[in-house]
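The values are calculated or read from the model by the stated rules, or taken from the named source; none is laboratory data. Worth saying up front: this structure is predicted, and the values here are computed from it rather than measured. Cβ placement follows ideal geometry from the backbone for every residue including glycine, while neighbour counts extend to all protein chains displayed. Just so you know, the surface numbers come from the protein's heavy atoms only, side chains and all, with ligands and any DNA or RNA stripped out. Shrake-Rupley method; radii C 1.70, N 1.55, O 1.52, S 1.80 Å.
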Amino acid sequence: MKKTAIILGATGLTGGILLEKLLKDQRYKTIKLFSRKKIENLPSKVEQFIGDTIALENFKKEFIADEVFCCIGTTAKKTPDKTIYKSIDYGIPVKAAKLSKQNGIDTFLVVSALGANAKSNIFYNRTKGEMEQEVLSEKIKNTYILQPSIIGGNRKENRIGEKIGLAIFKILQPFFVGKLKKYKITEAEHIAQAMLNLANSTSKEKIISSYQIKNKAINN
């Protein structure tokens, strides 16, 4: 029986790659996108629900699927207001997990971040850690939290500073060995493929660390 998948964050780098993969995957009959803006020229396999995803609870009736892929995330540069930042990086995934539980969705995957820690003094890490705790508290049968390091890939936005930083970081990659390997760049392609593989697996792991993501992507 073919499945229905929900993607949150399909307009972003990782979510966009995941959408492309799901479109080609014959296991999925329907893909539902929840976002603030419409993506043009998508096939009939895709249903789009446009609105304020911060108020995701307003989509409860439409939030029906077999699997939820949450690729939501912003940056301090794009969203300097901490209240708004938290309403996105914490609020949307947590609301998605609650709706998944209420609507009987058994598989929930979310992109978090390396260093996520609810007790951290760093706002970004603490927000991600608190989000993870809330998601896990819903006790959805198949929950997978991916914790990438810096995410690599071809972004649509022209972020010059970020591109320079990534270029420098790539030069340093050979030196990230042993305990430092978790800090290597995590390619968005690997995150998307790992999510898809995990959704169709029987893995019991809940937390997928940065250095494990590539393995999950290439070992189906």
Can you work out which of the residues in region 142-164 that are open to solvent by less than 70 Å² (accessible area, probe 1.4 Å) and at pLDDT below 60 is farthest from the chain's Cα centre (by Cα)?
GLY161
For GLN133, only one of the following conditions fails: (1) touching an Asp or Glu at 6+ places or on another chain (Cβ under 8 Å); (2) assigned to a helix (DSSP H, G or I); (3) at pLDDT 95 or above. What is its number?
(1)
Taking region 1-12 only, how many residues are at pLDDT below 95 and either closer than 12 Å to PHE69 by Cβ or of a type in the set (A, V, I, L, M) (or both)?
2
Would you confirm whether or not region 44-61 contains a residue that is in contact (Cβ under 8 Å) with a residue 12 or more places away in the chain, of a type in the set (D, E, K, R) and touching a Ser or Thr at 6+ places or on another chain (Cβ under 8 Å)?
yes
Kindly establish whether LYS139 is open to solvent by 80 Å² or more (accessible area, probe 1.4 Å), within 17 Å of GLY12 (Cα to Cα) and at pLDDT 60 or above.
no
Considering only residues that are over 12 Å from GLU67 (Cβ atoms) and either of a type in the set (Ser, Thr, Tyr) or surrounded by fewer than 17 Cβ atoms within 10 Å (Cβ to Cβ) (or both), which ones fall in region 30-41?
SER35, ARG36, LYS37, LYS38, ILE39, GLU40, ASN41
Tally time: how many residues in region 100-110 are farther than 26 Å from PHE123 by Cα and either touching a helix residue (DSSP H, G or I) at 6+ places or on another chain (Cβ under 9 Å) or outside any loop (DSSP other than H, G, I, E, B) (or both)?
6
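Could you identify the single residue in GLY104, GLY91 that is at pLDDT 95 or above and surrounded by 13 or more Cβ atoms within 10 Å (Cβ to Cβ)?
GLY91 is the lone residue from the list that is at pLDDT 95 or above and surrounded by 13 or more Cβ atoms within 10 Å (Cβ to Cβ).
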If I filter region 46-85 down to residues being open to solvent by less than 70 Å² (accessible area, probe 1.4 Å) and in a helix (DSSP H, G or I), which single residue comes out as nearest to GLU130 (Cα to Cα)?
TYR85
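Residue by residue, here is whether (1) at pLDDT below 95; (2) surrounded by 11 or more Cβ atoms within 10 Å (Cβ to Cβ); (3) not in a helix (DSSP H, G or I) holds:
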site: LYS170; (1), (2), (3): yes, yes, no
site: LEU196; (1), (2), (3): no, yes, no
site: SER203; (1), (2), (3): yes, yes, yes
site: ILE208; (1), (2), (3): no, yes, yes
For residues in region 31-45 being outside any loop (DSSP other than H, G, I, E, B) and of a type outside the set (A, V, I, L, M, F, W, C), which is nearest to LEU19 (Cα to Cα)?
LYS32
